[in-house]
Structures are given as structure tokens and as C-alpha cells.
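Below you'll find the structure, written out as C-alpha cells, and then a few comments.
The values are calculated or read from the model by the stated rules, or taken from the named source; none is laboratory data. Only a predicted model underlies this, so the values are computations on that prediction, with no experimental measurement involved. Glycine gets a Cβ as well: all are built from the backbone with ideal geometry, and neighbour counts include every protein chain shown.
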Amino acid sequence: MGLIARAASVWRTIARGRRLAADLDAELGAWVDEHVERRVRRGEAPEAARRAVLAEMGGVEPVKEQVRDVRMGRLLDETLRDVAHAWRGFRRTPAFTLAALATLALGVAAVTTIFSVAHALLLQPLPFRDPDRLVFVWADQTAEGYPRAPLSGPELRDLDERSTRFEGFGAIWATTAALTGDDLPEQLRIGLVTSDFFSLLGAEAALGRTFTIDDESVEGATSILLSDAVWRRRYGGDAGIVGRRVDVNGRPAIVVGVMPAGFRLMMPPDSAVPDDLEAFQLFNRRFTEGPRGQRYLRVIGRMRAEVGDLDAIADVARVGREISAAHAFYGASGRQFETVPLHVDAMNDVRRPLQVLSAGVGLLLLIACINVGSLLVARAAARAREAALRTALGAGRARLFRQHLVETLVLGAMGGALGVGLGYWGLRLLLRFTPEALGRLHLATMNLPVVAVSLGTVLSWMAVLALAPASQAPSASMLEAVLDDRGHTAGRGRGRLRRALTVAQLALSVVLVLMALLLTRTVQRVQQSDPGFEAGGVVSFRVALPGTRYPTQEAFNAFSRRMQESLAALPGATAAASWSHAPYDHVPNWGGPYIAVEGADASTAPQADYRAVSPGGMELLQVRLLEGRWFSETDDLSTAPVVIVDQRLAQRTWPGASAVGRRLAVDPFVTGTPATWATVVGVVTHVRHRSPSDEVRDQVYFTARQATRNPSVYLVKAGADAAGLVPAIRDTLRTLDPALPIYDVQPLTAYVDRARALRSFTAVLAALFAAAALLLAAVGIHGVVAYAVTERQREFGVRRALGAGSRELAGLVVGECAVMTAAGLTLGLLGAAAGGSWLQTQLVGIVPWDPPSVAGTVVVLVVAALLACAAPVRRALRADPAVVLRQA
Amino acid sequence: MARLDLMKGTLALLILRTLELEPRHGVAIADRIQQTTRGTFHVRPGSLFPALHRLEQEGAIAGDWSIVDGRRIKTYRLTSAGRRQLAAGARDWARVVEAMRLVLETE
């Protein structure tokens, strides 16, 4: 019975069980009735006759039972027999079985791991109520080099008042605050939010509540919402915390609630809202009245239920046009808003690498399946005689085919199960090495949809591949196969199919190897590229001076100076300084417009990143001075404002001329307009402190003595043992001000490593996939060539007998290998060229046809191919004319 | 060829042979076997129906339903696969008989 007929039979037996039971009743009823009638005709009473018939047959039920046993039992029996047969077959050919299982397990493991990640990052909804209703609103200032700028307070109010398609808009801004009073002082990363922020997201507190509009009007005390981590760490998980008074920045605050453990906002990295915020507070009551140019709000809106995306985007754009017309502040260019669905934006940075990865594992799985298919073809060829023999002995073609299919599926199921296990382990390994930028990855678990998809894919592939050799197995040439001792004739067509499959997988591995090399070279480029500063040997930490005890800029400067001197004097330290930001940190970017000509239109002024550095700070990080001088301690509140600019800004503003001595209007206190005129005293090379691979924007450096930033990062340059300096640093701070919280103590290189982590992570993964693909392809070549050698063993023997040398025989085998490798390389490189533009976005400083990478790919492939055919060549050379001729 | 298999296969072979000339229903098959073997084989429903269903599932015979005197009757007919199976079975049987004869009639 063919598989389809059997499947139909299973279906009938199971799905139409009731109908079959009725049929059986009718059939047996007819039997009973007929025999009763016969007895009645012989003169028996109907009742007695029926009793007699039933007694004779031992009752109807047992018969029905037996028939049912036959129907179900046969199905189970045959399937079990096929499975057992397959199992025996696998045990007879352990090499084949191991190779096939390992190949499948590798492919499935890669796919389940990466799909689990992709599922968590791209497909799983954000943990908010109806997350597809949420959007980000950014100010589009692309012209000023700031495509996604935050909004100002008045703009948030405009959106709230003028839009018609939204339930509301909320905003967040990340900053820090000191928690004091009941324990050691501690600096927390806090989010300042609008009172409706959490209700708009649909996020609930685990204990107490989130903010309400009433919290804005409480006199005398502010409200604070704690994270689970702070609640447990600082308050020991005390359930009575709600309603308790704590001190934030020296002012009383009432705890209104605690967020659930694992609550994460998961905002895009460029929003500067870190995932690990430790507490939330409200903006001060009049924040929407601030200057229009003071932009810091990350705005989230919730669309009304029936509103479409386009409608909502148009609504926000209309508000932008209205306020552009209403306020002269926006000048000629006006204000454009960009509205982006939250679920798209949250994963902005990792979407592309993940797509590359998913494509990579997809290819890998394909290679794995092709490889197993190729192994199956070889096995089918080896068993051609068995198959032919069994066909001759009366086994139906359908029966052989079914057995083959069962074998293939059993193989697929075993390989798949192994692969899922391996993938589970792989995912856990991956999570341990996950860069911080992929925080959401920690939500990744191996779940049913992922496992179902990868197993389903493998099994359907296996079923398809099973058809290829099976359709060839008991062929018309069956008689020839039986007659021909070496299965020679039957092997030809199969050989061609195997070679084609091998060329295909070679081509796929070429693509993967090239991809891995390109990504690795990119990482190398990024790592070698000069960021414009030197982070080695530097310890960093942050300190926030409470405004209550350091109320003036003078007091601040005095303390800062004292601290710098004490730190620099530590044994082992060579210098100490402060910066407003560490490179690539989470602190919201500080920046604003600059103009060089008095009276220029401020609304179209170019934007620069601002940084405040203490005297000696730029030297400490070995920034290179191109022109002019560094800041000195004499540049302070009593002297005129000075700035240092980067080369980019200098060349853009004063092309071909010296920048030193020129005047620039900037906005260090974020008032919204560049009104502070400062003299340029120096020009430095551009410092890549926001992206390790790209120059982001022009840069203006202030001296920390004139533009106070609190909290600041303090840097201590040490010789060899930077980490060993940490206890001494803590002691120093305790001596200077025991109530001062010090936090974020870490080597400066940690920031740099984190910034590069995502790229390295991607490259390492790509390299792993490429290695796996290469291994599979090599197994493929080896299989094909080894098989071909077995097939031609007699030919080699004859050639040897006729005087062919080792070199000639080796040439024959290597030639076969070379043809396949060349074909695979050509196809693969062509394919890579076709997909190159897609990969370009992931590359920095190199082109997709980067000559060293292409050359590397060719070398790697050729070496792998040579290694793969080494063993077959040895076998060919061992062909003994005597043995072969005796067989003939 | 195992002995048990042979015995199990005997009823199937008898059924196939019985259906070779014309389609029949269960009772008719049992009657026919009893008749032609002159009562040697009395086929009980407990063996007949499982055998019929096994053969049907193997595709050697096919069942058709018809209404006779207001009663649903299942009639079995031989399929081409069944015809082949009968031929092969008959050949095997002949070989077994020949083999048994040789064994039993030799010293």
C-alpha cells in the first residue's frame, strides 16, 4: 500500500471512526440476520434462533473488537516495522548516520538559536498595552545634522492640545538624582516623566500605583516610583514602602509605588533612555512653559483605537505646520515632526544585523539539508542493488518508497531533536555573551513556535529530499543493477545530482565565508580606526554634587578643582580630570546650535555636540591639538567664555582659514537660542565619542569651569594597574565629602568595548556560521569525491595496470574536485555580488567586493576542498590492479 | 516461510480464490468456502471479518455497499493487486505442497 493510501486509511480509521463503526455494525448485522433467517426457515423460533447464532459466533462485540484490532494494529505494526527497519539500517551504516545526524543537528541548532533571538527581538510584542498603537514623535532636524531630535516642553503641550487622532502624549527624560537620608547616599538613574506616561504605555506598578495627574498638585513633596531593583536593594523589599518619605536631591519625596521586576522601557539607543532606570519622578510642574529651543523630551503618543498609522502621522505633521506658522521662533524652515511606530523604533539598531543573521542561518540550514540529501543519494546508490533485489523478489516499489520516506523522516526527527537540544544550550551560551545593546535579548527563550518552525522546516525539507533518491531507486535499470556487480550503470545519474547539490552548497558557503570575512574586517576596521582619543589605563566614575550643599558655580568649581588635585596626587595616578560625558555612555546627549555671524538665523543654524571638559581633560584622553591651546585653570567664571572646536566645525565654518581667535555663538545652558559668544582658543581632531564607526556631528568643547555640568564623569589616568586604584579613589572621595555618592566606577575601556560589542558579536556569529557552513561543504565534497572514487575503483585499477602513474590518477580525482570547487566559487561570488548592496549597510570602510576578503574566501574554499579530497586521492592511489582485475 | 504465516495466510488465500469469479458478501464467502472444501473449513465470523478487513486495508479486495431488501450489504470484490497476490499465493502454495510432499515421501 502506498503512503498516500495508507495515510488515507489512517485518516479514515481515526477521523471517520464513527462511520466505520456503523459500517461494521451493518456488516455483522447482515451476517447475524442471514443466519437467523436460515434457522427460522428450518423451523426454529426467531428468538431462540438469534440466541443460537450469537452464541455460535461468540457475540458480536468480540468480533468487532478483532476487526478494529486488525485495522489499527496493522497501521501501528507497519509503521513500527518501518521505524525498526530504519533503525537497523542506521546501525549498519554508522558513518552515514553520524554524518547526517551531526549535519542536521548543527543546522537545526543554529536555526533554533537565532530564530529564538529574532523572535524575542523582532516579533514579540513590547510589554505594553496594545503596543502597536504607540508611536514615537521626534523633531526632524536632518538639515542641522540631527534627524531624530527630542522635543521641547511647549511642543509637547502643542501636540496634546492640537492633535485630534491621539488619546494623549507622554514624555520621558533620563537624568540622575541622589537618594539620601535613610542610608548611604546613592546616585540613581532616574526617568523624569509626565504624569500620564505610564498610563499611556499601559504599564502597571507591582506595588502601589504609577503616577496620576493629582501627583502634580501635591504641595511640599514630590512623588517617586521605584524600580524593583532599588526597592529590594535599598529597602529590603519592604511591602510597607508605599507612602514612605525618602529624600531625593535633598528634597522630600513620597514613594507612590514599585514597578514590577524585569520592567524595561526598551527605548531605541538614540533616545538616551537607558533600560535600567532605577526610579521615576515627575517633571516639575511648569516644564511645558520652558523655552521652545530647549529640547530634551522623548515623546510617546497613543493613537486612538480606530486611527490608522498614516492618519496619525498626518495629524502630527499638521500640528508641526500649525506651530511653525504660529511661532516666529521656527524661522523659515519650520518644525517637522517624525512619527515612528514604537515597535519599529525600539529595535532600530539591531534589525539589520538580525536580518543578516537570520538569512545566514537560513542558508546554513539549507546547506545542512542539501548535505543530508546528498548523503541519502549516495546511500541510495550504495543500496541500489539491495533495492533492485528486493523489487525482483516482489517488494512493491511503493513499499520501498515508503520505507525510504520513513527512514528519511526518522533521520530528520532524530537530527531535529538533537538540534533543538543543542540549540537550547547554544541560546544559553549566546545570552551569556550578549552585548548590553541587545538588552531585550534576555527575553529570548526557546519557545514552541520557534521549535515548531525549525522542526517543521527540517522535516519538510527531508521529505522533499527523500523524493529525489527514492524516485530513482528501483528504476527501469533494476535488472542491470542486479546484473552489474558494481551498480555501475545506476550510479551515473545519481552522481550528477550529487555533484549539483555539492556545487550548490559550495556556493552557499562561499557567500557565508565572504560575509564573515567582510564583517570581521569591518570589526577590525572599527577597532583599528582612530576614535580620536585613548581610553586605555583610565578609571572613570561619576559624582553628582547636591545643589543644596554646592549652590553656586564657584563652590562647584572649588570642589571639583580640589578633587582633581587629590586624585592626581594618588600614588600610581598620573592625571585626573572631569568630562561631562564618557564616550558612548547613556547620558543624554548635550548639544545645540552654533552661529559664527552675528544676526544669523538661529533656526537654521548647524547643530553641534557640546561637551564640558576640565583643564587637562583633553590631554588626559590624548586628544590631538591641531591649532591654538588647551584650556587652562585661568579660563574661569571671571574671564571671557572660551571654546575649543573640532576640525570638522572649523573647516565648515572658516574654510581655509585659521579658527583660533574667531568668535562663535553657542547655547551651553540650553535656552533654545545661541546667545553666548565665546572665543575659539583651540582646534582638535574630531573625537568619535558617540559612535565608534561614524563621525556624528560637529563638536564644541567648553571648559568645565565656565559651563558646569552636574553630575560629571571623573577620569583618573593610571599607569599599568588602573583597577587597583579604585579603593584609593573611594577613600579620597570619602575624605573630601563623606556624603557624596560615587557611582559607575569602571575602566573607560568598558564604555568603548560595549559600543563595539554589537558589531563584534555579529562578526563572531557570522564567523561561526561560516565555519559550520564550510565544514558542511567540505563534508559534501568529500562525500561526492569519495563516492566517485569507489565507483571508478576498477577503472583506476585498469589504468594503473596499463601503466598510469600516481600523478595521473591523483590528477583525475583532484580534477573532479577542482571542477566542483571552481563552479561553487563562481556561483557563490556571483550571488554575493548580487546581494552586496544589501550587506553594504553593515560594512564600515570597505566595499562588499573588498579584494582581501574575496581573496581570503577563495583561499579558504580551495584549502577546504583540497583537504576534503585528500582521503579519496589516497584511496584511488591504492587501487590494486591485481585485485581489481580478479574481480572483473 | 514460517509455519504460522502460512496458516494465517491460508484463509486470505481462500477468500481471494472465492472472490476470483464474482464479488460476494461475507455470508456468501463463508458459504462458498464451506461448500467447495466440502465442509473441511468451517469459517467463523471471528476469523472471517478480521481477515476481510485486513485484505481490504492491504488493497487486495475492495468493499462496495448496496441496499438489498432495505438492508445495507457490503460486497467484496477482488482488485488487480488482489489478483496478483492470489497468483503469487497460489504459486507459493504449490511450492509448499511440493516441498512437503518431498519431505514426507522421502525415506
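Quick check on A:VAL539: is it β-branched (Val, Ile, Thr), at pLDDT 80 or above, more than 23 Å from A:PRO711 (Cα to Cα) and in contact with a helix residue (DSSP H, G or I) (Cβ under 9 Å, 6 or more places away or on another chain)?
no
One residue is enough: does the range A:670-681 have a residue meeting the conditions surrounded by fewer than 17 Cβ atoms within 10 Å (Cβ to Cβ) and within 24 Å of A:VAL623 (Cα to Cα)?
yes
Could you tell me whether A:ARG68 is modelled with pLDDT under 80, within 14 Å of chain B (Cβ to nearest Cβ) and over 30 Å from A:MET462 (Cβ atoms)?
Against the criterion (modelled with pLDDT under 80, within 14 Å of chain B (Cβ to nearest Cβ) and over 30 Å from A:MET462 (Cβ atoms)), A:ARG68 qualifies.
Kindly indicate whether A:GLU627 is touching a residue at least 60 places away in the same chain (Cβ under 8 Å) and surrounded by fewer than 19 Cβ atoms within 10 Å (Cβ to Cβ).
Criteria not met by A:GLU627.
What are the residues in the range B:32-57 that are buried (at least 19 other Cβ atoms within 10 Å of the Cβ), facing chain A (nearest Cβ under 7 Å) and among the basic types (Lys, Arg), if any?
Hit for the range B:32-57 is B:ARG54, nothing else.
Is it true that some residue in the range A:12-19 is facing another protein chain (nearest Cβ under 9 Å) and either within 20 Å of B:HIS25 (Cβ to Cβ) or at pLDDT 90 or above (or both)?
no
Is one or more of the residues making up the range A:669-678 in contact with a Pro (Cβ under 8 Å, 6 or more places away or on another chain), farther than 21 Å from A:ASN589 by Cβ and at pLDDT below 95?
Yes, some residue in the range A:669-678 is in contact with a Pro (Cβ under 8 Å, 6 or more places away or on another chain), farther than 21 Å from A:ASN589 by Cβ and at pLDDT below 95.
May I ask you to verify whether A:THR288 is at pLDDT below 90 and polar (S, T, N, Q)?
Here the answer is yes, as A:THR288 does meet what is asked.
With A:LEU104, A:LEU54, A:LEU98, A:LEU28 as the choices, which residue is modelled with pLDDT of 85 or more and more than 14 Å from every other protein chain (Cβ to nearest Cβ)?
A:LEU104
Need pairs with beta-carbon distance below 7 Å; first residue among the polar types (S, T, N, Q) and within the range B:77-93, second assigned to a helix (DSSP H, G or I); sequence gap 6+ or separate chains.
B:GLN85/B:LEU16
B:VAL43 versus (1) free of Cβ contacts under 8 Å to residues at least 12 places away in the same chain; (2) under 24 Å from A:GLU61 (Cα atoms): which is the lone unmet condition?
Result: B:VAL43 passes all but (1).
Considering only residues that are more than 10 Å from chain A (Cβ to nearest Cβ) and small (Gly, Ala, Ser), look in the range B:61-87 and name the one that is farthest from the chain's Cα centre (by Cα).
Among residues in the range B:61-87 that are more than 10 Å from chain A (Cβ to nearest Cβ) and small (Gly, Ala, Ser), the one farthest from the chain's Cα centre (by Cα) is B:GLY70.
Go through A:LEU375, A:LEU459 for me and flag whichever is crowded, with 19+ Cβ neighbours inside 10 Å and modelled with pLDDT of 70 or more.
Only one candidate passes the filter, namely A:LEU375.
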